[in-house]
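For reference, the structure discussed in these notes is given below.
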Amino acid sequence: MKKKHLLKIANCAAGTHGGDCTFTASESFSVRHLLACFDGITGKVKPCGVSNVPIGTVTDEAAVGDPVNVRFIGGNGTVLMVAAGAIQPGALLAPAAAGKVQVGSGAFIRLGIAIGSAQAAGDQIEVLPHLPAITVPAA
């Protein structure tokens, strides 16, 4: 019996999109589920840094110039992200270096709530994402 194969491609043509969209990587994505942000005005994406506003997570590894699927933050359901260190369930998360996430502190870009836990840097963690927002501690 022959197996049927299904190819799923996210497309980013003009119009509106669901939870995913295809972009071009301007830098490499070394592991799956790193945060992505826009790289200037080119429309390409790169791993998100601490002070960048993330648009989503890249669901695969990619080299420079490769097409990448970005799962938008703020969509329905949870997403996987890569931890920069230990994270407990319920923690408010912020971007960290190299496309990873960390527990937010002080004034930070809040991008979701940890649903799962991470023991160490590089662990994948389940996150309930929301649109990025600046969080400032109460005076």
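Data table
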quantity	calculated
Prolate/oblate/rounded label for the range 70-139 (Cα gyration tensor, a/c 1.5)	oblate
Cβ-placed point charges (K, R +1; D, E -1), dipole of the chain about Cα centre in debye, nearest 20	400 debye
Value of relative contact order over the chain, rounded to a whole percent, pairs C-alpha under 8 Å and six or more apart	21 percent
Taking the range 79-135 and dividing mean pair separation by its residue count, relative contact order in percent (alpha carbons under 8 Å, at least six apart)	41 percent
Whole-Å distance, taken between Cα centres, linking the range 79-110 and the range 111-135	5 Å
DSSP bridge pairs, the chain: antiparallel proportion in percent, nearest 5	95 percent
Column: log10 I(q)/I(0), Debye, Cα scatterers of the range 15-58, q = 0.18, 0.21, 0.27 Å⁻¹	-0.49, -0.67, -1.05
Kirkwood-based Rg to Rh ratio, the chain, C-alpha trace	1.00
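Computed from the coordinates by the stated procedures, all read-outs in this text should not be read as laboratory data. Every value quoted in this text rests on a predicted model; they were computed, and no experiment measured them. We place every Cβ from the backbone using ideal geometry, glycine too, and count neighbours over all the protein chains shown.
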